[in-house]
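I have placed the structure first, in the form of structure tokens, so that the comments after it can refer back to it.
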Amino acid sequence: MSFASFSQNTVSKNNDATTPLHLLKPAYITPYGETKQADVKAVLDRVYHYLDGVTPYQLIDKPSGQAINNFDKVNSNSVFAAADFRLISYEWGVTYTGMLEAGAATGDNKFTDYTVNRLSYIGNAFAAFKTYLKTSPLAVTPVKSVIAPEALDDAGSMAAAMIKAVKTGAVKPDLRPIIDNYIGYILTKQFRLADGTLARNRPHPNTLWLDDLYMSLPALVQMGALTGDRKYFDEAVKQYQLFSKRMFNTERGLFMHGWVQDMDPHPQFHWARANGWAILTTIELLDALPQDHPGRMFLTEMLKKHAAGLAQRQDATGFWHQLLDRNDSYLETSATAIYAYCFARAINKGWLDAKAYGPAALLAWNAVGTKVNDKGQVEGTCVGTGMGFDPAFYYYRPINNYAAHGYGPVLLAGAEIYRMLQNHPFVINDSAVQVPK
């Protein structure tokens, strides 16, 4: 989009001699220079109230529709009550983490309780169905992906959220058996390349998905923090390096979405949300790794390179495009929220310069806020997306208010922007948003 698309010819009775024209207020598409903690909290509240209402945590008897209030009564007819979103999924692992962050940032316990209540319920259901399966081993249960994960999507995000929830001290059932089961899947059952890189055999044999960084590594470093065993930190850093050497384009400062062994040349599509999973993983690793871990320097440098590549491609509206380097692809909410969170988190932790990245983070959050409607639904989120090798695949992916991928990132972004406004307040200098420290 050309600069002329945003330039404005303002008509005024005043002239250059009578008024400071440089202070005229532009007709910004996205709110500019107006980010306030109270407004951030209002957005978080809308998302919470919507999700709390549409994600009940209750088992029911499918034939009768009656609630099951005694876990000893579960059987093959037991299912979760109808909801707008699944309680057990990688997307909801992000949402549980986002709720915890929103609670910690704002001091409002309702966000924390959302996660604690649902993960506690899942923990009790897991134990009940494990007992039931001893006598009915072929039964299908609503916690199948917890008992027997079949992909990194099943394991990593939920495991990381559970460990973080356990650290609050508010979770009553013992989630450690679930956590151990998830971590065991990641370390011993997921397919790998010959050099040990976590991989998949679709859409082609020996394929790397950038998404899988987030679906595995945050859980590993959280397990390291939980147990004190450095092997988890070492494996996470090793995997990050193995992915990066194949998938990070140093000239563009962006990751490709997928990599296939023996494909040459590889068409590089820099899908926004996959890059979001990558930078979110970088942040998660830096958050959890010990200060003396030798991998921190590599991760910090990767964060700076990736953040620079992303910042250069932020749209004038504050959003990022579905394909980051193709400005005629649509503007996408979930990735924009992830970048807002990661920039703000890195600023708050001292890993990125507040002066350089603070304004971009604020603009991104303001853009995201325009996509949270009055009901608390997140608009403009790309639905689940596999790997493609032509532009049309990414350009025409649908967007939907029920794409679960948008909610966790919005909660994360709001929580960290709330903190950033406290720690690094912005000023308006000659009409421009600036973060002086």
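Rounded to 0.05, the FRET efficiency of the Glu34 and Thr135 pair, given R0 = 56 Å and the Cβ-Cβ distance, is 0.40. Comparing Ser136, Ala161, Pro173 along the charge dipole axis of the stretch 135-181, the residue lying farthest to the positive side is Pro173, per the Cβ-charge model. Which of Lys134/Lys167; Lys36/Lys110; Lys238/Lys305 have a Cα-Cα distance over 27 Å? With Cα atoms farther than 27 Å apart: Lys134/Lys167. Given a 1.4 Å probe and every protein chain left where it sits, what share in percent of the accessible area of the chain is carbon and sulfur? The nonpolar share, carbon plus sulfur, comes to 51 percent. Just Ala81, Ala337, Ala151 to compare: in a GNM of the chain, with alpha carbon springs under 10 Å, which one fluctuates most? Looking only at Ala81, Ala337, Ala151, the biggest GNM fluctuation is shown by Ala81. Between Glu301, Glu284, Glu379, the GNM of the chain built on Cα springs shorter than 10 angstrom shows Glu301 fluctuating the most. When the Cα positions of Pro359, Thr317, Phe426 are compared along the charge dipole of the stretch 288-437, Phe426 comes out farthest toward the positive end, with charges on each C-beta of Lys, Arg, Asp and Glu.
Quick check on the chain: take the gyration tensor over C-alpha atoms, sort the square-rooted eigenvalues as a ≥ b ≥ c, and tell me if it's rounded (a/c under 1.5), prolate or oblate. Don't jump to the answer; show the numbers that get you there.
Numbers: a/c = 1.84, a/b = 1.47, b/c = 1.25.
In terms of gyration-tensor shape, prolate.
Taking the chain as a Gaussian network, where each spring joins two C-alpha atoms under 10 Å apart, which residue of Asn348, Asn366, Asn400 fluctuates the most? Answer for the Gaussian network model of the chain: Asn400.
This model, with +1 at the C-beta of Lys and Arg and -1 at the C-beta of Asp and Glu, gives the chain a dipole about its Cα centre of some 480 debye. In the context of the full set of protein chains, residues of the stretch 357-400 present 38 Å² of accessible surface per residue (probe radius 1.4 Å, heavy atoms only).
Between the amide H of Asn249 and those of Leu254, Phe255, Met256, distances stay under 5 Å, these residues lying 5 or more places away or on another chain, with hydrogens modeled in the peptide plane.
Find the accessible area per residue for the stretch 208-308; the probe is 1.4 Å, ligands and nucleic acids are left out, and the unit is Å².
34
Restricting the stretch 184-214 to chymotrypsin sites (Phe, Trp or Tyr not before Pro) that sit in a DSSP loop and have at most 12 other Cβ atoms within 10 Å of their own Cβ leaves nothing. Look at where the Cα atoms of the stretch 192-249 and of the stretch 74-97 average out, and the two centres are 26 Å apart.
The values are calculated or read from the model by the stated rules, or taken from the named source; none is laboratory data. Small disclaimer: the values here were computed from a predicted structure and weren't measured. Cβ atoms come from the backbone with ideal geometry, glycine included; neighbour counts cover every protein chain shown. Each accessible area value is taken on the protein alone, full model and side chains, heavy atoms only, with ligands, DNA and RNA left out. Shrake-Rupley method; radii C 1.70, N 1.55, O 1.52, S 1.80 Å.
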